[in-house]
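Asks: One structure is given below, represented as structure tokens, and several questions about it will come after.
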Amino acid sequence: MPAIRIIRHTLLEPAEAWRRLTDWERHASVVPLTRAIIETPPPTHTGTRFTMRTGVGRITFDDPMEVVRWQPPGDGSAGLVGLVKHGRAVRGRAEIELRPAPGGGCEAEWREELRVRGLGRPFDPLVAAAARLLFTRALDALLRP
């Protein structure tokens, strides 16, 4: 199962970075041809379920997820959201952690482990490279002022 880790520093305060990084509709807006289907009422909490649907017309790919950890940042403490992917094609887990940075702003870390159905270990480097590209672009766009 390939794993990726992306770290970005931002001048955004942790509360604002958290709001952006846990706004699932906003995630969909920065990934081409993707929309978010929120299946549980707001606000986000442990147990929230949503699906990212990517595609055009009848050619779509669903990535259903569930929030399994919800710890917003506060009073100088780090924030952590944990997700489990329940898809038929993609399984795995993701975590987004925010840590306050000395002097203001914060550090965002996106960790993801993916398993793509039908692709064995020989494809792990390709899956990791594609995921790193996609999630780096998403993280950068979500944190852009």
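Each value in this text was obtained by applying a stated rule to the coordinates, not by laboratory testing. Note that the coordinates shown come from a computational prediction; the quantities given were computed from them, not determined experimentally. All Cβ positions, even for glycine, are placed from backbone atoms using ideal geometry, and neighbour counts span all protein chains on display.
Asks: PRE reach from His9 (point 7 Å along Cα→Cβ): which of segment 65-87 fall under 20 Å by backbone N?
Replies: Flagged as within label range: 76-79.
Asks: Continuing with the same structure: Name the most mobile residue of Ile59, Ile38, Ile96, meaning the one with the largest mean-square fluctuation, in a Gaussian network model of the chain with Cα contacts below 10 Å.
Replies: Its mean-square fluctuation being the largest, the pick is Ile59.
Asks: To one decimal place, what orientation-averaged projected area in nm² is obtained for the convex hull of the Cα set of segment 41-89?
Replies: So the Cα hull casts an average projection of 4.6 nm².
Asks: Rounded to the nearest 20 Debye, what is the dipole magnitude of the chain about its Cα centre when Lys and Arg each give +1 and Asp and Glu each give -1 at the C-beta?
Replies: With only Lys, Arg, Asp and Glu charged at Cβ, the dipole is about 600 debye.
Asks: Taking the Cβ of Leu11 as the center, what net charge do the other residues with Cβ under 12 Å away carry, scoring Lys and Arg +1 and Asp and Glu -1?
Replies: Spelling it out: positives minus negatives among the neighbours equals -1.
Asks: Choose one answer from Leu83, Leu98, Leu133: the residue with the largest mean-square fluctuation in a GNM of the chain with alpha-carbon springs under 10 Å.
Replies: Per the Cα network of the chain with a 10 Å cutoff, Leu133 tops the list.
Asks: Rg and Dmax of segment 1-112, using alpha carbons, in Å: what are they?
Replies: Here Rg and the maximum Cα pair distance are 14.5, 49 Å.
Asks: Between Ala130, Ala101, Ala28, find the one with the highest GNM mean-square fluctuation for the chain; connect C-alpha pairs within less than 10 Å.
Replies: Ala130
Asks: Tell me what the chain gives for mean residue ellipticity at 222 nm when only DSSP H runs of n ≥ 4 count, each as -39,500 (n - 2.57), the sum divided by the residue total, rounded to 500 deg cm²/dmol. The partial results should precede the final answer.
Replies: Details: 3 runs with 35 residues, N = 145.
Result for the chain, helices only: -7500 deg cm²/dmol.
Asks: Now, a different point. How far, in nm, would the chain grow between Arg137 and Gln71 when pulled straight, counting 0.36 nm per residue and subtracting the alpha carbon separation? Could the numbers behind the result be given before it?
Replies: On the way: separation 66, 0.36 × 66 = 23.76 nm, distance 2.41 nm.
Extending this stretch completely gives an extra 21.3 nm.
Asks: Please give the length that would be gained between Leu33 and Arg19 if that part of the chain were fully extended, namely 0.36 nm times their separation in residues minus their C-alpha to C-alpha distance (nm, one decimal). Walk me through the numbers on the way to the answer.
Replies: Working: separation 14, 0.36 × 14 = 5.04 nm, distance 2.24 nm.
Difference between extended and current length: 2.8 nm.
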